[in-house]
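The values are calculated or read from the model by the stated rules, or taken from the named source; none is laboratory data. Predicted, not measured: the structure shown is a model, and the values here were computed from it. Every residue, glycine among them, receives a Cβ derived from its backbone with ideal geometry; neighbour counts consider all protein chains shown.
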Amino acid sequence: MAIGVGTIKNNRLAYVYTMPALIVMAAVVVYPFLYNIVLSFSNMNLSHFYNWRIIGLGNYLNVLKESTFWYFLWKTILWTVINVFFHVTIGVFLALILNKDIKGKSYFRTLLILPWAVPQYITALTWRGMFNSEYGAISLMIDRLFGIQIPWLTTEWGAFAACVITNVWLGFPFMMIVALGGLQSIPDELYEAADIDGASWWHKLRNITIPLIKPVMIPAITLGIIWTFNNFNIVWLVSNGGEPADTTHILVSWIYKSGFRYFRMGYAAAFSMIIFLILLIFSFNFIKKTKAAEAVY
Amino acid sequence: MRPLATKILQQKLEEFSQKHPGWKFAQLFYEPETARTNYIISAMGGSGPALFWGASDNIGPLVELKVIKPLEQYLDAAFLDSFITEPIAANTWFQGHLYQIADQVGNHLCLVYNKKLVPDPPKTMAELRKLGKELTKDLNGDGKPDRYALAWNYTEPFFAVPFIYGYGGRILDENNQPTLNTKATIQAAQLIYDLANKDRIIPLECDYEVSNALFLDGYAAMIINGPWSWGTYIENGIDIGITRIPQIDETGLWPSPMVSPLGYSVNINLEGEKLMVALELLKFLTSAEVELQFTRALGTIPSRKQAFFDPSVMQNDLIRSSIYQLEVGTLMPGVTELRWIWDAMRPSYQSIFTGQIKPDQAALAMQQLAERLITENRE
């Protein structure tokens, strides 16, 4: 739809009202984004921080031809899928329980939101301590119960699992709250009608609950995927910056390390543009395919 | 800086602020790597703290990124002459300019031992191994050691480097090129691997926090740590002794920790009155009186001649032992290449302890990565 001069004139007041937000958005989102695009074509690094120049597609080619990118991309996808699966499954399961008339409902609801309320930094470092293979609470418990010692933080997949467990613990309350909101908006009449028709618990879940919480869950899942894909904090803090041996990285933690530890700014900028494109294509297709933007009623 | 150090610093800032009404002085504490990154980002953005405190190996990157100010024009010769030049030069010059004024020297790793558990510390690695077997104990009878002879952050390259020098190696040459793929690196890595996996006298998994907690709780009889930690041990009532990291039997050499001055650099963005106040604060924090307060509480080696030669310092057993280790230390170069060498060492070195690669493969891989990082950043 074209915006004509007439439209702008007619809505002048609305544009004036939105102008401060637009200016702030331009300053904190649009400008850094455009600057990042420029940097991605440059040789900016520690030796060329002020005298950088445009070098074309070199950084993009370097990123794509390195095995690091493909390895961390695969790991990031795995990380995202496992986390979001557990966030949604646990979140919806708990929301279904909390939606019933159970005793101490508000107490349980508060308790289950707690992981979300604790600062991520503290959660991550606490879990890291609990994963120490000799002295950590989790390791001691597993050792007492099953007599095995798991080297969580010193092996590649042990550290990955530690990050996943921490992030699942942190992430399910959000999905639970969203699902609970969706469940509470479903009219009781629908369940009553289903009861009269003799529908089982499974049929009601499949034909009433899931379709009706879908409009709130799909955007939440989309957000969950993007947040998890870019969840730098947990991976960085639990694995202490990618340990062991820089194997416990997802794409964003590797970008951070390249940019702010190795100061390979051009390379890191190109890397981040590739991630941006991946997420843009994914989100666009996901929302389109799931029709999340469409009205349900 | 650790809790006790930040507490003293806070007192000193409050004292200084009384003489400068209208100005506010606050401190921000981060771990060294994070502090450097955060400072660089903020200073490049035109703000950031007035003073940046850290080891002198930060100077190279900070100068290249133009985030700290040359100081020689603001400080007179008499002031600069009041700092020690032996056993190491306190103030840091880089590319012909003065960039850091130290409030202490050393920053070096030593063997710290709990006198209650170790009356006579080991002098050689053979002695350490022998003593280690006696000290490492299964206290609760579950078949696993609860107390270890020694704990330290051995998976961090900075904490492994003394042993490379102890085997006669080094990590960079006169031209600032990496020298990691050597027999010494392989032997040093093998030694540490064996202490954990063969001798079992150090924990299998041990980062800085874990090793510190073990030593504080009496579950490690000895620890390899630096001056920043001693105050906490003393404050917690541990009767500590300090000595050199045990000699390498094969070479007869002492492991040589990196040594460096620690001090203050000034933010490039400071001008006018703010700069003058920051310089006054720098002079105050590096005064002999203030340095001695830190020394008495933390056992740090002061940088000011008047404080360094103070009888309370010269007669202090901990400081004398610390200087004894310092004498066999290696001055940490301030060049930027060292940053890339640390970064290159970490992944391969840590892979040894996960069993992914052998020490000889790790030495080759870290050399290659160091060369690549230097080339990529210098081209």
**Request:** Report yes if some residue within segment B:331-350 is within 28 Å of B:HIS97 (Cα to Cα), among the basic types (Lys, Arg), within 21 Å of the chain's Cα centre (by Cα) and buried (at least 16 other Cβ atoms within 10 Å of the Cβ); otherwise report no.
**Result:** yes
**Test: B:PRO157 is within 14 Å of chain A (Cβ to nearest Cβ) and within 20 Å of B:LEU326 (Cα to Cα)** = yes
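Residues checked against (1) touching a residue at least 40 places away in the same chain (Cβ under 8 Å); (2) away from chain A (no Cβ under 14 Å); (3) surrounded by fewer than 18 Cβ atoms within 10 Å (Cβ to Cβ); (4) not basic (Lys, Arg):
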residue: B:GLN18; (1), (2), (3), (4): no, yes, yes, yes
residue: B:SER42; (1), (2), (3), (4): no, no, yes, yes
residue: B:LYS66; (1), (2), (3), (4): yes, no, yes, no
residue: B:HIS97; (1), (2), (3), (4): no, yes, yes, yes
residue: B:ILE101; (1), (2), (3), (4): yes, yes, no, yes
residue: B:ASN107; (1), (2), (3), (4): yes, yes, no, yes
residue: B:LEU111; (1), (2), (3), (4): yes, yes, no, yes
**Message:** From the list B:ILE238, B:ILE224, exactly one residue is assigned to a loop (DSSP other than H, G, I, E, B) and more than 14 Å from chain A (Cβ to nearest Cβ). Which is it?
**Reply:** B:ILE238
**Test result for B:THR124, of a type outside the set (Phe, Trp, Tyr), more than 14 Å from chain A (Cβ to nearest Cβ), more than 27 Å from B:ASP239 (Cα to Cα) and within 25 Å of the chain's Cα centre (by Cα)** = no
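Per-residue answers, yes or no, for (1) in contact with a Cys (Cβ under 6 Å, 6 or more places away or on another chain); (2) of a type in the set (Asp, Glu); (3) free of Cβ contacts under 8 Å to residues at least 12 places away in the same chain; (4) over 24 Å from B:GLN306 (Cβ atoms):
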{"residue": "B:GLY46", "(1), (2), (3), (4)": "no, no, no, yes"}
{"residue": "B:PRO49", "(1), (2), (3), (4)": "no, no, no, yes"}
{"residue": "B:ASP57", "(1), (2), (3), (4)": "no, yes, no, yes"}
{"residue": "B:ALA77", "(1), (2), (3), (4)": "no, no, yes, no"}
{"residue": "B:PHE83", "(1), (2), (3), (4)": "no, no, no, no"}
**Request:** Would you point out the residue of segment A:164-192, among those that are assigned to a helix (DSSP H, G or I) and either among the polar types (S, T, N, Q) or within 29 Å of B:ASP142 (Cα to Cα) (or both), that is farthest from the other protein chains (Cβ to nearest Cβ)?
**Result:** A:GLN184
**Prompt:** Which members of segment B:193-211 meet the condition of being touching a residue at least 60 places away in the same chain (Cβ under 8 Å) and under 19 Å from the mean Cα position of the chain (by Cα)?
**Reply:** B:SER211
**Fill in**
Condition set touching a Cys at 6+ places or on another chain (Cβ under 9 Å) and in a loop (DSSP other than H, G, I, E, B), scope segment B:147-168, selection surrounded by the fewest Cβ atoms within 10 Å (Cβ to Cβ): answer is B:ASN153
**Asked** When you scan segment B:274-295, how many residues do you find that are β-branched (Val, Ile, Thr) and assigned to a loop (DSSP other than H, G, I, E, B)?
**Response** 1
**Request:** Of all residues in segment A:229-274, count the ones that are of a type outside the set (Phe, Trp, Tyr), modelled with pLDDT of 90 or more and not in a loop (DSSP other than H, G, I, E, B).
**Result:** 17
**Asked** Which residue, of A:THR222, A:THR247, A:THR209, A:THR228, is of a type in the set (Val, Ile, Thr), within 30 Å of B:THR37 (Cα to Cα) and more than 11 Å from chain B (Cβ to nearest Cβ)?
**Response** A:THR228
**Asked** Of the residues that make up segment A:36-46, is at least one touching a strand residue (DSSP E or B) at 6+ places or on another chain (Cβ under 9 Å) and within 14 Å of chain B (Cβ to nearest Cβ)?
**Response** yes
**Request:** Scan segment A:146-169 for residues that are farther than 21 Å from B:SER351 by Cα, at pLDDT 90 or above and either among the hydrophobic types (A, V, I, L, M, F, W, C) or more than 20 Å from the chain's Cα centre (by Cα) (or both) and jot them down.
**Result:** A:VAL164, A:ILE165, A:VAL168, A:TRP169
**Fill in**
If you go through A:ILE250, A:ILE221, A:ILE287, A:ILE208, the only one that is within 19 Å of A:GLN120 (Cβ to Cβ) and among the β-branched types (Val, Ile, Thr) is A:ILE250
**Asked** Residues in segment B:349-368: is at least one assigned to a helix (DSSP H, G or I), within 18 Å of B:TYR165 (Cα to Cα), more than 10 Å from every other protein chain (Cβ to nearest Cβ) and among the small types (Gly, Ala, Ser)?
**Response** yes
**Message:** For the structure I just gave you, tell me whether A:ILE150 is part of a loop (DSSP other than H, G, I, E, B) and aliphatic (A, V, I, L, M).
**Reply:** yes
**Prompt:** Got at least one residue in segment B:317-328 being farther than 30 Å from B:GLY299 by Cβ, more than 9 Å from chain A (Cβ to nearest Cβ) and in a helix (DSSP H, G or I)?
**Reply:** no
**Asked** Can you name the condition, by its number, that B:ILE301 falls short on among (1) modelled with pLDDT under 90; (2) over 30 Å from B:TYR193 (Cβ atoms); (3) of a type in the set (A, V, I, L, M, F, W, C); (4) buried (at least 24 other Cβ atoms within 10 Å of the Cβ)?
**Response** (1)
**Request:** Take A:ILE226 and decide whether it is in contact (Cβ under 8 Å) with a residue 40 or more places away in the chain and among the hydrophobic types (A, V, I, L, M, F, W, C).
**Result:** yes
**Request:** Kindly establish whether A:LYS204 is free of Cβ contacts under 8 Å to residues at least 60 places away in the same chain, farther than 30 Å from B:ALA365 by Cα and in a helix (DSSP H, G or I).
**Result:** yes
**Item:** The one condition in (1) away from every other protein chain (no Cβ under 14 Å); (2) under 23 Å from the mean Cα position of the chain (by Cα); (3) closer than 30 Å to A:ALA245 by Cβ that B:GLU250 fails to fulfil
**Value:** (2)
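Condition check ((1) of a type in the set (Gly, Ala, Ser); (2) over 23 Å from the mean Cα position of the chain (by Cα); (3) farther than 25 Å from A:TYR71 by Cβ) across all residues:
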position	(1), (2), (3)
A:PHE174	no, no, yes
A:GLU189	no, yes, yes
A:ILE196	no, yes, yes
A:LYS204	no, yes, yes
A:ILE208	no, yes, yes
A:ALA220	yes, no, yes
A:TRP227	no, no, no
**Message:** Tell me yes or no: at least one residue of segment B:180-202 is more than 14 Å from every other protein chain (Cβ to nearest Cβ), over 22 Å from B:THR354 (Cβ atoms) and in contact with a strand residue (DSSP E or B) (Cβ under 8 Å, 6 or more places away or on another chain).
**Reply:** no
**Asked** Got a sec? Which of B:LYS130, B:LYS144 is assigned to a helix (DSSP H, G or I) and either crowded, with 23+ Cβ neighbours inside 10 Å or without any contact (Cβ under 8 Å) to a residue 12 or more places away in the chain (or both)?
**Response** B:LYS130
**Complete:** Residues of segment A:50-90 being among the aromatic types (Phe, Trp, Tyr) and either touching a residue at least 60 places away in the same chain (Cβ under 8 Å) or crowded, with 18+ Cβ neighbours inside 10 Å (or both), in sequence order, are A:TRP52, A:TYR60, A:PHE69, A:PHE72, A:TRP79, A:PHE86
